[in-house]
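What follows draws every value from the coordinates through simple rules; no lab data is involved. Worth saying up front: this structure is predicted, and the values here are computed from it rather than measured. Virtual Cβ from ideal backbone geometry, glycine too; neighbours counted across all protein chains shown.
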Amino acid sequence: MATDGHGGEFVPAGPTHDLGYEPDKFAVKTILTVPAAVIVTGIIAFVVTDLIFGAFFAPKHVVIPPEVPAGAVRNAAPINERFDRISSTNPKAEVLQPRLEGLVERQNYGKDGNPKNADAANVISPEMITTQPTPKGNSPRYHAEDLRP
């Protein structure tokens, strides 16, 4: 027999120890506190992690002022206009070069999906989403094995 640690007899105490069977009861509140505690802990962990990474590891948005204003104006041009400056098919291009890296001039669309409705206020440009290539003005598709000296 177990003792109470002081040399005496161990006597179980409590409402269920006098019964000859185990009571068939359970507390729903106690059972539901475990999932609630897990959910609350997960939310707290998410918020703390988001705050830590948002405060300490967020990328800094540094805007470097342009040194050459004319270069800034040229870089602000639409992407098709910038690609047209380095075209291999346009004889009036500033730099004639093959575009092996896949730079493709793409169509502007209107918000209704029609390329003819692409005015300044109602435009989806290739800088927003990938659109279809323009019918003219793109370099032909070259593969490295097609280029021979």
### Message
Modelling each spin label as a point 7 Å along the Cα-to-Cβ direction, I'd like the Arg74/Ala13 distance in nm, to one decimal.
### Response
9.2 nm
### Query
Between the DSSP loop rule and a limit of at most 13 other Cβ atoms within 10 Å, which trypsin sites (Lys or Arg not before Pro) in region 59-93 are left?
Lys60, Lys92
